[in-house]
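Participant: Take this structure first; my questions come after.
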Amino acid sequence: MPANPEEIHAAEHEKVDIQILAAPTRLIGEDGKLKAIEFLRMELGEPDASGRRRPVPVPGSETTMDVDQVINAIGQGPKLPSSEEDAAMSSLPVTRWNTFGGDEGSQHTGQEMVFSGGDVFRGPMTVVAALADGRKAAYAMDAYFRTGQIQSEPVLFNVSKGTLKTIDPEPFSVFKQAPRNRMPEIPVEQAVSSFDAVELGLTEEATRNEADRCLVCGCSAGFDCRLRDALTEFKVKWRDQTEKKIHFKTMQAVDSNVEIVLDPNKCIRCQRCHIACMTFQCSDAIDLKEYPTFIDGKCVHCGLCVDLCPTGALLVKRDGRAVDRFDWKSVASHCVNCGIGCALDLKVSGQRLVWIKDGKQEAPNHSSTCRRGRFRIYDDLWYGQRINQPMIKQDGSWQEVSWDQAVDAVVQGFKRTADTAGAGAIAAVGSPQASNESLYLLQKWLRVGYSSHG
């Protein structure tokens, strides 16, 4: 039966009596009203040329079932108007399946600005397929408005690890198996007696648990891979990953750096990491034989090798796995760990920091940072603890307030402290990142305003 297991289970849960291998033969009525349906029992016969066992009638198996209504649900298809009904149809391509013809890459029918997609282009398909057609058509329309030419969206080069039958299951054995979160539903009695939505939706906690079940088996650098960009540009065809792969246990053994993920199966032996570490960082922390490995005790965690890797064989590590580079924008900033002020390139998605890249090739750091600037400096500010609004503690809890309220609270707090504990109780901590002029104003403000030398 062409139905998903979930659909069959849901139907049986609502007490639907499913008749398998039954072929309706006639409808029976009385006094102009439908009373029953007659059908034949079927059984699977011998396989045909395609290997599929075709159903054949069981002699003498006619069965009658009392019914009130019969709904014909044996398929669907597009209904296109004829050229007599719509003159524009005469110029549009129509296939023998009664669907619009056109280019599968752009959805363009070949006639001026007419695009098609979804069931009227593919025949009966899914909503997901229709959405994909809409995306391709939107890209082609945008290209036409900008350039005057119909262009298909580029197909990014991809390498498949294989099917579920051929892929190595061992890399996934380290994940804890967790059952799927069950979708809460309304009671069966309510479902069969109303048109209310049956599924109530997952809670936030259940949604997070469901997301955590993802094995994350794709490439974390799929949208930041210079090799993929080159292969896409030259329209290299998709292919499966080569059979000569480095074993999972070997990968576990070489992936020993606490800050950087190493996946030797993605390495193309370009030697950029090895040369940069040896020539620019002068650490000699990467040994490159068949693939790069980190030499214990030599890596200073500058991250230069990560920036130079063109394939994602070297990526930033967080919580034991590679950080995904899927959707981000670049924000130029600097490190606040010390007074040098090294330039950094923050990769941000919304209000979340994805990863940090070395800044431009200019003073003071010339595209090189220390471990804290590259991997640690913004952790507390971005990983769930960043403050975007002034806050004052009221009745034991932090409350968001305006800037005027926040400044007034600080001033009143200073005055209250000076009145009760004396000027010596007030001190300020200056940042080495601040200018000499700013630090001078800070100390003068304390000395003149509060007679404090703290």
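Participant: Can you tell me which condition Val70 does not meet? The list is (1) modelled with pLDDT of 90 or more; (2) loosely packed, with under 12 Cβ neighbours inside 10 Å; (3) touching a Lys or Arg at 6+ places or on another chain (Cβ under 8 Å); (4) not hydroxyl-bearing (Ser, Thr, Tyr), and all the others hold.
Facilitator: Failing condition for Val70: (3).
Participant: Filter the stretch 73-120 down to residues that are among the β-branched types (Val, Ile, Thr) and assigned by TED's automatic domain parsing to the domain that holds Met141 and give me whichever is surrounded by the fewest Cβ atoms within 10 Å (Cβ to Cβ).
Facilitator: Thr95
Participant: Take residues that are modelled with pLDDT of 85 or more, buried (at least 16 other Cβ atoms within 10 Å of the Cβ) and touching a strand residue (DSSP E or B) at 6+ places or on another chain (Cβ under 6 Å) and tell me which of the helices (runs of 4 or more DSSP H) falling wholly in the stretch 210-284 contain 3 or more.
Facilitator: Values: elements: 226-233, 248-254, 272-279.
Hits in the stretch 210-284: 272-279.
Participant: Output the residues belonging to the stretch 334-348 that are touching a strand residue (DSSP E or B) at 6+ places or on another chain (Cβ under 8 Å) and more than 18 Å from Val306 (Cβ to Cβ).
Facilitator: His334, Gly341
Participant: A further question on this structure: List pairs: first in the stretch 256-267 and assigned by TED's automatic domain parsing to the domain that holds Ile356, second part of a loop (DSSP other than H, G, I, E, B) and among the acidic types (Asp, Glu), Cβ under 7 Å, 6+ apart or cross-chain?
Facilitator: Val261/Asp255; Leu262/Asp255
Participant: Let me ask another. Could you check, for the stretch 175-189, whether at least one of its residues is at pLDDT below 90 and at positive phi?
Facilitator: No: the stretch 175-189 contains no residue that is at pLDDT below 90 and at positive phi.
Participant: Among the candidates Glu12, Glu6, single out the residue that is within 44 Å of the chain's Cα centre (by Cα), part of a helix (DSSP H, G or I) and more than 28 Å from Asp119 (Cα to Cα). Talk me through it step by step, then tell me what you get.
Facilitator: Details: Glu6 fails: more than 28 Å from Asp119 (Cα to Cα).
So the residue among Glu12, Glu6 that is within 44 Å of the chain's Cα centre (by Cα), part of a helix (DSSP H, G or I) and more than 28 Å from Asp119 (Cα to Cα) is Glu12.
Participant: Within the stretch 122-129, is even one residue β-branched (Val, Ile, Thr), surrounded by 13 or more Cβ atoms within 10 Å (Cβ to Cβ) and not assigned by TED's automatic domain parsing to the domain that holds Ile20?
Facilitator: Within the stretch 122-129, none of the residues are β-branched (Val, Ile, Thr), surrounded by 13 or more Cβ atoms within 10 Å (Cβ to Cβ) and not assigned by TED's automatic domain parsing to the domain that holds Ile20.
Participant: Which residues, counting only those in the stretch 51-94, are touching a Phe, Trp or Tyr at 6+ places or on another chain (Cβ under 9 Å) and within 25 Å of Pro124 (Cβ to Cβ)?
Facilitator: Gly77, Pro78, Leu80, Leu92, Pro93, Val94
The values are calculated or read from the model by the stated rules, or taken from the named source; none is laboratory data. Just so it is clear, the structure is predicted and the values come from calculations on it, not from any experiment. Note that each Cβ is placed from the backbone with ideal geometry, even for glycine, and that neighbours are counted across all protein chains shown.
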